[in-house]
Amino acid sequence: MGFAYRKFNRKWTTIITFLLPFLINAMFCEAKYIEIQGHRGARGIRLENTLPAFEAAIDAGVDVIELDLVVTKDGEIVIFHDFFINPEICANLDGSNLSSPYPLIYSLSLLELKQFKCKPDFLFPKQLPAEGILIPTLQELLNMISTSSHPHAKKVQLNLEIKIDSDHPEFTPSPAVFAKKVLEIVKRNGFSNRVYYSSFDTEVLFELRKLDSNIN
């Protein structure tokens, strides 16, 4: 228990130290604008972290779309909050419930991942049901935004939360590899000035900054 406490304490000390300058700045600077973020798109009314949720967030006029990133076995960056397929928000393509144990996304190829479909979360009764909605890739989201005719799609920003658990390195590639993959997609699609990054793992944030000192 003592070791576990020290490990926990050390981890959060690192995170707080990293964030402290930003917190102090926020405390002493007068806020001129409140930024509105669409959490996992428009989670309250659409299936979370799906293209319809992101389209709804754009239509609502949010400043930033917040979303979560994990990686498949074949190196595709996909948008999902959990490391494992979540039976509360996913089903098999035929509509049947998932069987335990639930697969780790990093153990699946993108093709295998697309054998699951998204379903409404009972915690959000206003979520509209929709058939055939699959877990999207980051590339699919950037394609959707780039080709959208909605005027707000031209300026909406993205908060990319990179999901890494330092206690379980087997859940994802290393922070260095993960950071490089995400940054390559963002730059290739011309979104560098419309993206900032967040994570509970400070190492991946340091890796991003090493690759590009101008990122937020």
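The values are calculated or read from the model by the stated rules, or taken from the named source; none is laboratory data. Nothing here was measured: the structure is a model prediction, and the numbers come from that model. Positions of Cβ are backbone-derived with ideal geometry, glycine not excepted, and every protein chain shown enters the neighbour counts. Note: accessible area is taken over every heavy atom of the protein model, side chains too, but ligands, DNA and RNA are not part of it. Shrake-Rupley method; radii C 1.70, N 1.55, O 1.52, S 1.80 Å.
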Report task. Please state which one of Gln127, Gln157 is over 24 Å from Leu113 (Cα atoms) and either within 13 Å of the chain's Cα centre (by Cα) or not hydrophobic (A, V, I, L, M, F, W, C) (or both). Result -> Gln157
**Report entry** Leu111 vs. criteria within 18 Å of Tyr197 (Cβ to Cβ) and either modelled with pLDDT under 95 or more than 18 Å from the chain's Cα centre (by Cα) (or both)
**Finding:** no
Query raised in the report: Restricting segment 171-216 to residues that are at pLDDT 95 or above and among the small types (Gly, Ala, Ser), which is farthest from Ser146 (Cα to Cα)?
Result: Ser174
Query raised in the report: If you take the residues in segment 194-216 that are among the β-branched types (Val, Ile, Thr) and out of contact with any Leu (no Cβ under 7 Å at 6 or more places or on another chain), which one is most open to solvent (accessible area, probe 1.4 Å)?
Result: Thr202
Report summary line: Residues in segment 144-166 that are assigned to a helix (DSSP H, G or I), touching a residue at least 24 places away in the same chain (Cβ under 8 Å) and not aliphatic (A, V, I, L, M) total 2
Query raised in the report: Of all residues in segment 167-193, how many are assigned to a loop (DSSP other than H, G, I, E, B), surrounded by 16 or more Cβ atoms within 10 Å (Cβ to Cβ) and touching a Ser or Thr at 6+ places or on another chain (Cβ under 9 Å)?
Result: 2
Query raised in the report: Got a sec? Which of Lys163, Lys155 is of a type in the set (D, E, K, R), loosely packed, with under 15 Cβ neighbours inside 10 Å and modelled with pLDDT of 95 or more?
Result: Lys155
